[in-house]
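Inspection log for the structure reproduced underneath, given as C-alpha cells.
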Amino acid sequence: MTRLQNKGCELALVTSNSKENVRDFLQKNNIRVFNNIRAGLGLFGKSSVLNKLIREKNYNKEEVFYIGDEVRDIEASNRIGIEVIAVTWGFQSKSILKKYKPNYLVDTPNELYQVVTANSEK
C-alpha cells in the first residue's frame, strides 16, 4: 500500500469492521497510508458509503478501484459503477470470487500494484 501511496494514489479504507478494531489494527501494525477511513458500516452499507465518499471527495468514478476480499465488495462496486479488484488472500476463496466476475482478480500484493499502476498510466 505504501508503494501505491508513493505513486500518488489516495487510499481510503471502507469496512464493516468496527472503528475500534480498525484503529487498533492500524496502530499495532504501524499502518498510516489511508487518507480516509469509514468503518462500522454494517453488512449492507458499503455501496452507499462508497458512493458518498466518492461524491464528498469529488473523485472520478473511472479512476476509482475498490479492493475487496469478498462477494459483498464486488456487489457493492457493481451497484455504484466502479471497478473492483478482488484479492484472493482474504475472506473468500478465489473460486467463489471468480464466479462474481470482478474486474480484476489478483493473488498477490504485487499483482494488485501492477493492476492499479497500469490503469493509472492510461
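Structure data summary
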| read-out | value |
| --- | --- |
| Cα Rg, Dmax, the stretch 62-122, angstrom units | 10.8, 31 |
| Stokes-Einstein D in µm²/s, Kirkwood radius over Cα pairs - the stretch 2-120 at 37 °C with 0.692 mPa s viscosity | 222 µm²/s |
| Residue (of GLY68, PRO102, VAL49) at the positive-pole extreme of the chain, dipole from beta-carbon charges | VAL49 |
| Net dipole in debye of the stretch 8-78 [+1 Lys, Arg Cβ; -1 Asp, Glu Cβ; about Cα centre; nearest 20] | 280 debye |
| Dipole magnitude (debye, nearest 20) for the chain, charges at Cβ of Lys, Arg, Asp, Glu | 200 debye |
| Using a Förster distance of 35 Å, the FRET efficiency for ASN119-VAL71 (Cβ separation, nearest 0.05) | 0.95 |
| log10 of Debye I(q)/I(0), alpha-carbon scatterers only, for the stretch 1-40 at 0.17, 0.25, 0.31 Å⁻¹ | -0.44, -0.84, -1.06 |
| Helix-only [θ]222 nm of the chain, DSSP H runs n ≥ 4, -39500 (n - 2.57) each, per residue, nearest 500 | -12500 deg cm²/dmol |
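We did not get these values from a lab; they are worked out from the coordinates using the rules stated. It should be emphasised that the depicted structure is a prediction, and the values quoted were computed from it without experimental measurement. So basically every Cβ, Gly included, is an ideal-geometry build from the backbone, and we count neighbours across all protein chains shown.
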